[in-house]
């Protein structure tokens, strides 16, 4: 059975705890097989181990494999330790890391770094969306795109900018994703907020209709009239997240295409929902979800 994964709280401690490829394999093995060994091909739980500690053989189907088979690392020529450094950067940097900077840090091409980050975003995408938000839930939307002075029109719903909607449970989790039409907020409110909750928004009309159709209590502040807080009715928390998201997009990546916007938003949401846990917990959690289908380059650029 694999040994327990090593502990660390900083990049320096990570590189000390995992100094080489053998240590990286041992750390990943401990995470992937924490509930017991199994064959990635047939699922059998009796495994033979070769002396190099990098190869294994299933007692049932006789297939030979490494610990990377069946994960996003399977077809990668990069060492597992290099992948782990990328995992650290995406999980510990509050606003993420640019592919150009990652390429320099890992000594790989920018194209390789960009693909690595998208694979990790795909693996670490938020998996708790099945649980509805409850209690007091703030909802708002924001535009992501070019500067206003470069836009032909500045009307709400202008397709020159993408619209991202967010819902934040106070003292709880965040949901955020791109929507195509303003009135999509109605179905998203119904999908993500538990009946009996209270919806807190600005005066935007679709939220009023969403509250009526879903039977939610609704509290709204009138931003157009200079009102931002009325008692405990406000949407300042979700607006604070928008500033963080935009600092990530414009400050780190500088530009994000509409095609891949949801991936970057998902990365940001993943970190936000784990803001109160340790660096190592986020690091190991990404490694734990790297099993399963992997994003291929043709799929990414299709």
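The values are calculated or read from the model by the stated rules, or taken from the named source; none is laboratory data. This is a predicted model, so every value here is computed, not measured. Don't worry about glycine lacking a Cβ; one is built from the backbone with ideal geometry, like all the others, and counts go over all protein chains shown.
All but one of (1) assigned to a loop (DSSP other than H, G, I, E, B); (2) within 13 Å of residue 137 (Cα to Cα) hold for residue 207, so report the exception by its number.
(1)
Just name the residue that is modelled with the highest pLDDT out of those in segment 1-14 that are buried (at least 16 other Cβ atoms within 10 Å of the Cβ) and closer than 14 Å to residue 280 by Cα.
If we take residues in segment 1-14 being buried (at least 16 other Cβ atoms within 10 Å of the Cβ) and closer than 14 Å to residue 280 by Cα, then 14 is modelled with the highest pLDDT.
What's the number of the condition residue 274 fails, among (1) over 14 Å from the mean Cα position of the chain (by Cα); (2) part of a loop (DSSP other than H, G, I, E, B)?
(1)
With respect to residue 295, determine if the residue is touching a strand residue (DSSP E or B) at 6+ places or on another chain (Cβ under 9 Å) and not in a helix (DSSP H, G or I).
When the stated conditions are applied, residue 295 does not pass them.
Mind listing whichever residues of segment 94-107 are touching a residue at least 24 places away in the same chain (Cβ under 8 Å) and within 20 Å of residue 24 (Cβ to Cβ)?
Once the filter is applied, which keeps residues that are touching a residue at least 24 places away in the same chain (Cβ under 8 Å) and within 20 Å of residue 24 (Cβ to Cβ), segment 94-107 yields 97, 106.
If only one of 210, 302, 220 is more than 17 Å from residue 91 (Cβ to Cβ), buried (at least 18 other Cβ atoms within 10 Å of the Cβ) and free of Cβ contacts under 8 Å to residues at least 24 places away in the same chain, which one is it?
On inspection, the qualifying residue turns out to be 220.
Among the residues of segment 45-60, are any surrounded by 13 or more Cβ atoms within 10 Å (Cβ to Cβ) and under 24 Å from the mean Cα position of the chain (by Cα)?
no
Taking segment 15-36, which residues are in a loop (DSSP other than H, G, I, E, B) and surrounded by 17 or more Cβ atoms within 10 Å (Cβ to Cβ)?
The answer is 18, and nothing else.
For residue 285, state whether it is under 25 Å from residue 171 (Cα atoms) and in the same structural domain as residue 26 (by TED's automatic domain parsing).
yes
Can we say residue 237 is outside the structural domain of residue 74 (by TED's automatic domain parsing), within 18 Å of residue 164 (Cβ to Cβ), at pLDDT 95 or above and over 17 Å from the mean Cα position of the chain (by Cα)?
When the stated conditions are applied, residue 237 passes them.
Is it true that residue 67 is touching a strand residue (DSSP E or B) at 6+ places or on another chain (Cβ under 8 Å) and either surrounded by 19 or more Cβ atoms within 10 Å (Cβ to Cβ) or in a loop (DSSP other than H, G, I, E, B) (or both)?
For residue 67, the condition - touching a strand residue (DSSP E or B) at 6+ places or on another chain (Cβ under 8 Å) and either surrounded by 19 or more Cβ atoms within 10 Å (Cβ to Cβ) or in a loop (DSSP other than H, G, I, E, B) (or both) - is met.
If we keep just the residues of segment 182-193 that are at pLDDT below 95 and not in a helix (DSSP H, G or I), which is surrounded by the most Cβ atoms within 10 Å (Cβ to Cβ)?
So, considering only residues that are at pLDDT below 95 and not in a helix (DSSP H, G or I), the one surrounded by the most Cβ atoms within 10 Å (Cβ to Cβ) is 182.
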